[in-house]
Amino acid sequence: MAGWSSGRCDWDSGEPGKVLRGRGVVRRGEAHLPRRPWCLRRTQRLLLSPTGARPRPEQLNGVWGPSASDVVAVGDFGQILRTVSSGASWSTASSGTKEDLAGVCGGGGKTFAVGARGTLLESADGGATWSALPSGTTNDLTHCAVDGATLYVAGSAGTIIALTP
């Protein structure tokens with residue numbers, strides 16, 4: 001079954017012969033993803049791709065992609081990273097915000113990012129460029145999902161928003 005789950009993550013530390021192990025969040029169960037799952041590990045501030053490439057040693061909070069080769073990661077201070085090479089290389093995209101971004105999702109040809117103080121961003125080009133959307137709240141937004149033409153967003157204080165962007 002596809003979805004996020006807590007699990008054990010092993011990755012190369014970058015030092016010869018040293019492998020780091022611990023608990024993390026892993027994406028499993030989708031046929032288009034490589035055998036090795038994406039691993040987002042908050043405590044070590046690492047995002048590990050299926051190829052083992054690490055883009056930057058900063059806090060990343062969410063990862064989503066329509067395929068194993070095309071992936072967007074979001075993090076603190078409005079950070080957005082994108083790969084179109086299965087993680088072999090990463091590029092930064094300007095989010096236009098300094099707010100922490102907590103989650104990212106997509107569907108219908110669009111990608112969305114959510115974050116602190118009601119931050120809601122939209123990209124129509126796979127995460128290369130971003131623009132702000134009104135969320136109607138100043139609560140922290142933490143999760144999002146797309147179903148058909150509807151964007152669902154959840155956050156602090158029981159916030160649940162359904163939008164048709």
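Tabulated data for the structure shown
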| quantity | calculated |
| --- | --- |
| Residue tally, condition over 15 Å from Val74 (Cα atoms) and among the small types (Gly, Ala, Ser), over the stretch 119-144 | 3 |
| Residues of the stretch 108-165 satisfying the condition of being of a type in the set (S, T, N, Q) and within 26 Å of Val84 (Cβ to Cβ) | Thr111, Thr119, Ser123, Thr129, Ser131 |
| Considering residues of the stretch 133-153 that are closer than 14 Å to Ala116 by Cβ and aliphatic (A, V, I, L, M) only, the residue surrounded by the most Cβ atoms within 10 Å (Cβ to Cβ) | Leu141 |
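Here is a yes/no grid of residues against (1) over 15 Å from Asn61 (Cβ atoms); (2) polar (S, T, N, Q); (3) surrounded by 23 or more Cβ atoms within 10 Å (Cβ to Cβ):
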{"position": "Ser86", "(1), (2), (3)": "yes, yes, no"}
{"position": "Trp90", "(1), (2), (3)": "yes, no, no"}
{"position": "Ser95", "(1), (2), (3)": "no, yes, yes"}
{"position": "Ala102", "(1), (2), (3)": "no, no, no"}
{"position": "Gly107", "(1), (2), (3)": "yes, no, no"}
{"position": "Lys110", "(1), (2), (3)": "yes, no, no"}
{"position": "Leu121", "(1), (2), (3)": "no, no, yes"}
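Any read-out appearing in this document is the output of simple, stated calculations on the displayed coordinates, not a laboratory observation. Since this is a predicted model, take the numbers as computed values, not measurements. All Cβ positions, even for glycine, are placed from backbone atoms using ideal geometry, and neighbour counts span all protein chains on display.
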